[in-house]
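Structure first, commentary second.
The values are calculated or read from the model by the stated rules, or taken from the named source; none is laboratory data. Everything numeric in this text was worked out from a predicted model, so none of it was measured. When we count neighbours, we look across all protein chains shown, and the Cβ atoms used for this are built from the backbone with ideal geometry, even at glycine.
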Amino acid sequence: MGILRNRGNDDDNDVRRFQMREKLFAIGDDYWIEDDQGNRAFRVNGKALRARSTFKLEDPSGQEVASIQERKLSVRDKVAIERDGRSVATIHKALVGIRDRFAIDLEDGADLKVKGNVVDHEYEIERDGDRVAQISKAWFRVRDTYGVEVEPGEDVGLVLAVTVALESMTED
């Protein structure tokens, strides 16, 4: 059973698709990210009893793929993504603007931008104007569910960690 509806593209065979649930983020909560076949692909492990929001993205065997942690004592909201104890990305909210705007500073490689409506789960992650991932609720009939479509050749673990971080930054 496929989760995401086929949108008629035959050239997107290498695109990776995942299903996420919105507003299930709380410290201490764990949940699964499923692939487009309904298989458990990654687990988000919410770490309880921490002074700041912390999540671990793990593969199905429990191996840590990324650590996602809110940074306190900053002028603007920031979340850091680490791998093997090393910072790989920092997501920060723009200082001004009516809508939430986010930038993703990568330690290695070109920085990413978030374009669209993060709160409503209708946005894209871009690098130099090229789409890295698309996030949308439109692909699902199930309430409180949205999809993440990762372009071929992109780092799936990093894209999903960014998506988890953005979700945690837009919680009420």
* Asked: Looking only at the range 2-52, which residues are closer than 14 Å to Trp139 by Cα, among the aliphatic types (A, V, I, L, M) and either loosely packed, with under 13 Cβ neighbours inside 10 Å or at pLDDT 80 or above (or both)?
  -> Met20
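When residues of the range 108-138 are filtered for being at negative phi and outside any strand (DSSP E or B), how many remain?
8
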* Taking the condition touching a residue at least 24 places away in the same chain (Cβ under 8 Å), within 17 Å of Ala41 (Cα to Cα) and of a type in the set (S, T, N, Q), does Thr170 pass? -> no
* Residues Glu167, Glu154, Glu171: which one is at pLDDT 90 or above and either closer than 26 Å to Gly62 by Cβ or assigned to a loop (DSSP other than H, G, I, E, B) (or both)? -> Glu154
* Asked: Hey, among the residues in the range 134-152 that are touching a residue at least 24 places away in the same chain (Cβ under 8 Å) and over 19 Å from Trp32 (Cβ atoms), which one's surrounded by the fewest Cβ atoms within 10 Å (Cβ to Cβ)?
  -> Pro152
